[in-house]
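What follows is one structure encoded as structure tokens, with my remarks underneath.
Taken together, the values in this text are just the output of simple stated rules run on the coordinates, not laboratory data. Since the model is a prediction, treat every value here as computed from it, not as a measurement. Glycine gets a Cβ as well: all are built from the backbone with ideal geometry, and neighbour counts include every protein chain shown.
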Amino acid sequence: MRRRLLLVGMAVAVPLTLSCSDDNTTHDPLPTADQYVLAALNEAHTGDLGGLTGADALCTSQAAAAGRKETFKAFLSTKAFDVRDLVPSAAASGVPCINTRGEVLSESWGGLMENGSWSGAYLYTFDGKRVDESAGVEPSWVDADGWHGSLVGGLASPELTCRNWKSDNPVDRGAAGEMDMRRLLGQESHPCNTTLAVVCVGALVLPTYGPCTTPGTVCTATDPCAIDPTCGADGLCHAKGLMQCQDELTCTEDTCDGQGGCLFKVKTGECLIGGQCYKQGDPDPSGCASCDPSTSQEDWTPLADACMAGGKCYKKGDFDPTTGCNVCDPGQGTDGWTPRTDDHCKIGGKCYSSGDKHPDGCAVCDPTQSVVAWTASGNDCLIDGQCVAPGVTDPTGCNTCDPTVSKTGWSPVKGTICKIDGKCYKPGDKHPDGCAECDPTVTGLAWTPKGTDCLISNKCYAAGSKDPSGCNICDAAQDPTAWSPITAPLCKIGSQCYAKGDMHPQGCASCDPAASATGWTVVTNDCLIDDTCYQSGAAKPTGCGICDPLQSKTSWSPLAGCFDIVLVALNEAHTGNLGGIAGADALCAAQATGAGFKGTYKAFLSGTGRDVKDLITGNAASFIVMNSKGEQLFSSWSQMFTSSSWSSGKFIYSFDGKKVDENTGASPDWYDAQNWTGSVAAGTINTSSNCQSWTSDASIDSGASGELDMYKLVSGYSQACSQTLAVVCVMTAP
């Protein structure tokens, strides 16, 4: 049994009489009392309460149902009644106001009306719910507000009484307080169709317990719920309050213990578990226990034929749902699983009972044969845990399910087969392209071509088909498994072969093996230059030249008084000691001649007595500057010295064809793909940086340079003369 103090008033049931036709809009004051008790109706209401009479009737009936003995009336003003007048003026200043739990809200009714609020305690409904929006017990209370129709001070607010508490029309409004904020008379207002709390006030008159002799001393009360019984000046024994021992639980018998506490005894045949009442046999949420008062009235009693495992209840004999390797055996314990002891198989981490079938149906759990694997049954095979029908082959086609040989593994396919690229084929099986088949009499390791087609690199080609180069043909008579060389005269131009008479794509030349087996033969009065056809008289796109078939059909014919200025690099890198300007010019001339370059080549260098810009003067300074691949770098020699860089993606090449670029790996001895110039941007000598006019390789001397892979022929760079850089040569005359 538990003891609990509850300072609230006792109550007895009183008969209830409702008169819905009563239109009175005033209250008679409550009787003079020892305490005034504030309680709320058990549910929320709109502003239509049936007038004061209807509201009072609700207060009276719910108080009686809760066992209260006080006289209760609704805490409501009307146009003709101020709610402060509920308590007689004689009692308004000296009688305390309490809630249903005996907690003091105000020392006097007058003080409560004047302040309109209190602190500390809450209001409660007749059935014990706290009037509080955060309590979560009565969601129909809007913000825990309560109707009153009043101003602070308890005076009526005539326009805010929901038409004397007979209207639930949304156009009408009623004044309300906020109970969970302890504002009994707060000036909020709501439409009258809103559902709010309704407060009731009861007059508690404390009983007396017979005569006593000495006023002010403790006396004996016949009621065990009496609080501090004291002898009064009238010679009668008075209680200062009454214990209200009610816990709102249907399964307890609530009594006062006569010592200022309460006794709550659980009724016979019922349980009180976790603050909730249960009847005998009621199950707990898991279903594994029930209310059994003969065992315990305060805790669940586990069922004798069930187990609790993983928060769920299982019946005797149930297997665990995860592995099936454990069983509910209450004889071994009701809390958790017990390992299985019956005959079973544990396969792949799960357990199966004897006779359980494999999911595909071709095997069973047979502990007499194996407790760790399925036992094959019927005429199927069980291979790698999968059921396979007789005659089905594995992915290679080399093995089959043959139950007469093995029910648990693949059996080799019987008879002669071909095993090609890890797969097996029966005699007569066709290659996917259809030009070959499995013929073990020829070979059991490859496809055998049939007919006039060829099977080359596992692909079928029709007779006469050419390979991508055009130099070979499918000729099964020569070799059905490889390309056969074409025996007729051909022209092999680049990596492609052409038959006699095949035309160049642009139509000016054809393959004529008698004239050339390695190039096109021009058959019109046009030119074929760099694999492009030009009509007679066409000008060279990038400089000085013309298509003149009378002079040459395969190269540009020069124009009088004009030539292309070509920039080419020496084949190797050099220090700044080039043997002077003359030595550098000699290197350029020698390598140009050796590589078959026509014209006069000199070093692109400024030195003592020479500015590089003066290598080409006069009308020639307007000629186009190109690289050795025929790509234009500058529109003229003069432009080089106003804009020393050219379009990205174009490079300068050496006489032997290497690209001057540090990232190609073709010539790592070029330092950072830079080139000696000895010049400033305008093409004149850099007097302080020319490697002693190209006679010094000392690290203390320096030479001005450009950077060819950054498309800068002349730049502001300078390097020690001991570095190895590129040397650019320029064709100065045709």
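Numerical summary
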{"item": "Using alpha-carbon coordinates, inclination of helix 51-65 to the longest axis of the chain, degrees", "result": "80"}
{"item": "Rounded to 5, percent antiparallel among DSSP beta bridges of the chain", "result": "90"}
{"item": "Fewest-first ranking of Lys73, Lys346, using other Cβ atoms within 10 Å as the exposure measure", "result": "Lys346, Lys73"}
{"item": "Solvent-free Debye scattering, log10 I(q)/I(0), computed from the Cα coordinates of region 378-474 at q = 0.23 Å⁻¹", "result": "-1.06"}
{"item": "Neighbour net charge for Pro734 - beta-carbon separation under 12 angstrom, K R +1, D E -1", "result": "0"}
{"item": "Amide H contacts under 5 Å for Ile473, placed H, 5+ residues apart", "result": "Asp467, Ser484, Ile486"}
{"item": "Residue among Asn379, Gly703, Gly331 farthest towards the positive dipole end of the chain, charges placed on Cβ", "result": "Gly703"}
{"item": "By average C-beta atoms within 10 angstrom, highest first, the peptides 512-518, 96-102", "result": "96-102, 512-518"}
{"item": "Other-chain or far-sequence residues with amide H under 5 Å of Ile493's (modelled H)", "result": "Tyr498"}
{"item": "Debye, to nearest 20: dipole size of the chain, +1 on Lys, Arg Cβ, -1 on Asp, Glu Cβ", "result": "2200"}
{"item": "Spread of Cα-to-Cα distances over 10 Å intervals beginning at zero, given as percent, for region 555-662", "result": "13, 44, 39, 4"}
{"item": "Amide hydrogen neighbours beyond the local backbone of Val413, cut-off 5 Å, H modeled", "result": "Asn399, Thr400"}
{"item": "Helical mean residue ellipticity (222 nm; -39500 (n - 2.57) per DSSP H run of 4+; nearest 500) of the chain", "result": "-1500 deg cm²/dmol"}
{"item": "Calculated from backbone phi, Karplus (6.51, -1.76, 1.60) coupling profile of region 309-318 in Hz, x at Gly/Pro", "result": "9, x, x, 10, 9, 10, 7, 4, x, 5"}
{"item": "Within region 420-567: Cβ-based charge dipole about Cα centre, in debye rounded to nearest 20 (Lys, Arg +1; Asp, Glu -1)", "result": "80"}
{"item": "D (Stokes-Einstein, µm²/s), Kirkwood Cα radius, region 207-267, 0.890 mPa s at 25 °C", "result": "199"}
{"item": "From the C-alpha gyration tensor of the chain, square roots of 5λ in Å", "result": "113, 54, 28"}
{"item": "Segment Asn115-Asn619, length gained on full extension (0.36 nm per residue, minus Cα span)", "result": "170.2 nm"}
{"item": "Footprinting exposure proxy for Leu263, Leu86, Leu123 (fewest neighbouring C-beta atoms within 10 Å first)", "result": "Leu263, Leu86, Leu123"}
{"item": "Residue list for region 514-540, given a label point 7 angstrom along the Cα-to-Cβ vector of Met503 and an amide N cut-off under 17 Å", "result": "520-528, 532-536"}
{"item": "Enclosed volume per residue, in Å³, of the convex hull spanned by Cα atoms of region 565-733", "result": "93"}
{"item": "Label-point separation, Leu155 to Thr222 (7 Å along Cα→Cβ), nm", "result": "4.9"}
{"item": "Karplus-derived 3J(HN,Hα), 6.51/-1.76/1.60, for each residue of region 678-689, Hz, glycine and proline x", "result": "x, 10, 8, 4, 7, x, 9, 5, 8, 4, 9, 8"}
{"item": "Fraction of alpha-carbon pairs over 23 Å apart in region 273-401 - percent", "result": "53"}
{"item": "Nitroxide proxy distance, nm - points 7 Å out along Cα→Cβ at Ala514 and Ser134", "result": "11.2"}
{"item": "On Cα atoms only, tilt of 580-594 relative to the major axis of the chain in degrees", "result": "80"}
{"item": "Value in Å of the Kirkwood radius, where region 35-205 supplies the Cα pairs that are averaged", "result": "15.3"}
{"item": "Net charge contributed by nearby residues that have their C-beta within less than 14 Å of Ser406 (K/R +1, D/E -1)", "result": "-2"}
{"item": "Karplus 3J(HN,Hα) series, Hz, for region 223-237 with 6.51 cos²θ - 1.76 cosθ + 1.60 (x for Gly, Pro)", "result": "9, x, 8, 5, 9, 6, x, 9, 6, x, 5, 7, x, 10, 7"}
{"item": "Mean-position separation - Cα centroids, region 625-640 and region 516-595, in angstrom", "result": "13"}
{"item": "Extension gain (nm, one decimal) between Ala560 and Ala595, 0.36 nm per residue minus Cα-Cα", "result": "10.2 nm"}
{"item": "Relative contact order %, region 164-296, counting alpha carbon pairs below 8 Å whose residues are six or more apart", "result": "13"}
{"item": "Dipole of the chain, positive direction: furthest Cα of Leu160, Asn99, Cys424, with charges on the beta-carbon", "result": "Cys424"}
{"item": "Taking Val142, Val728 and counting other C-beta atoms within 10 Å, the order from fewest to most", "result": "Val142, Val728"}
{"item": "Those lysines that a straight Cα-Cα span of less than 30 Å connects to Lys629, excepting residues fewer than 8 apart in one chain", "result": "Lys492, Lys540, Lys553, Lys598, Lys602, Lys613, Lys650, Lys658, Lys659, Lys712"}
